[in-house]
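First the structure, in the form of structure tokens, and then the observations on it.
The values are calculated or read from the model by the stated rules, or taken from the named source; none is laboratory data. All values reported here derive from a predicted model rather than from experimental measurement. Don't worry about glycine lacking a Cβ; one is built from the backbone with ideal geometry, like all the others, and counts go over all protein chains shown. We work out accessible area using only protein heavy atoms, side chains counted, and drop any ligands, DNA or RNA first. Shrake-Rupley method; radii C 1.70, N 1.55, O 1.52, S 1.80 Å.
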Amino acid sequence: MRLDKYLCDALGATRKEATKIIKSGDVEIDGVVVKSGATKVKDDALVEWQGREIGKPGPRYIMLFKPDGYVCSHEDGFNHTAFVLLDEVKMENLHFAGRLDVDTTGLVLITDDGQWSHRITSPRHKCEKTYRVWLSDPIGEDYAEKLAQGIELRNEKEPTLPALMEVVDKDENELLLTIVEGKYHQVKRMFAALGNKVEHLHRERIGDIELDETLEPGEYRYLTQEEIDSIWN
Ligand code: URA
């Protein structure tokens, strides 16, 4: 695809705007400044504008390290929306593929591909999510078994589906919990039902997609093709 067309599609720019951006000398393909809109962009090329990667035209798939204090919705009125952390065009097309509470940190996936996010959020597909959990009180000896059997939550007809718990650090009350549902405040409610309290919650994994260790809180990157495809497995 020509570079000017690539920028139009990826940034939602007009042909005139794309030409101006390219002429400014701020656009690089694989690290080389390119000043002609006619330059061909190969499928695997890295296109950058002012040092920032421009996602490929087409659906966008983003992993964000959500910090504490941001909500996973467009508007809240009290807290910042996590969308302010994204430097993206056509923000109104993006949505969260599964939300985190305002005080939960970690992996959030953001996309404009509704079928892809449905695959993650639909209860039918039982997509695994792994959380690192810090509890205020010691981890009960019977927790793993009870979580594997299913927990009765208040105001829910069915018990939770089997969840896998692994103790990480007994002295710090730290554990990993993998669940296949996404009920409202699910992890916090599960431990409340066991008589404990979640002090901090951090999501590390959704399906086969793990939070990139090189990301700092508030940073994001585009998913690799392998990560995108893994959701369909
Ligand atoms: N469970 C919760 O309780 N909160 C989250 O943010 C995610 C899962």
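Taking the alpha-carbon distance from Lys146 and a cut-off under 28 Å, which lysines remain once sequence neighbours fewer than 8 residues away in the same chain are dropped? Partners found: Lys126, Lys129, Lys157, Lys170, Lys183, Lys188, Lys197.
Quick one: of the DSSP bridges fully inside the chain, what percent are antiparallel, nearest 5?
90 percent
Give the cross-link partners of Lys40 among the lysines, using a straight C-alpha distance below 29 Å as the criterion and excluding same-chain residues fewer than 8 apart. Cα-Cα hits under 29 Å: Lys5, Lys16, Lys20, Lys23, Lys56, Lys90. Solvent exposure of Thr214, expressed as accessible area, is near 110 Å², computed with a probe of 1.4 Å over the protein chains only. Radius of gyration over Kirkwood radius for region 3-95, both on Cα atoms: the Rg/Rh ratio is 1.05.
Annotation: Glu219 carries an accessible surface of approximately 80 Å², with a 1.4 Å probe and no ligand, DNA or RNA atoms counted. Charge tally around Leu100: other residues with Cβ under 14 Å, Lys/Arg +1 each, Asp/Glu -1 each, net +3.
Computed on protein heavy atoms with a 1.4 Å probe, the accessible areas place Lys90, Lys20 in the order Lys20, Lys90, largest first.
Bridging of Lys42 to aspartates and glutamates at a Cα separation below 14 Å is possible for Asp4, Glu28, Asp30, once same-chain residues fewer than 8 apart are set aside.
Ellipsoid fit via the Cα gyration tensor, the chain: semi-axes of 41, 16, 16 Å, each the root of five times an eigenvalue, largest first. Ellipticity at 222 nm from helices only: DSSP H runs of n ≥ 4 in the chain, each -39500 (n - 2.57), divided by the residue count, give -5500 deg cm²/dmol. Largest first, the three principal axis extents of the alpha carbons in region 59-154 are 49, 31, 23 Å in whole numbers.
Computed as a quarter of the hull surface, the mean projected area of the alpha carbon convex hull for region 128-206 stands at 4.5 nm².
Please report the projected area of region 3-53's Cα convex hull averaged over all directions, in nm².
Result: 3.0 nm².
Solvent-accessible area per residue in the chain equals 56 Å², computed with a 1.4 angstrom probe and all protein chains kept.
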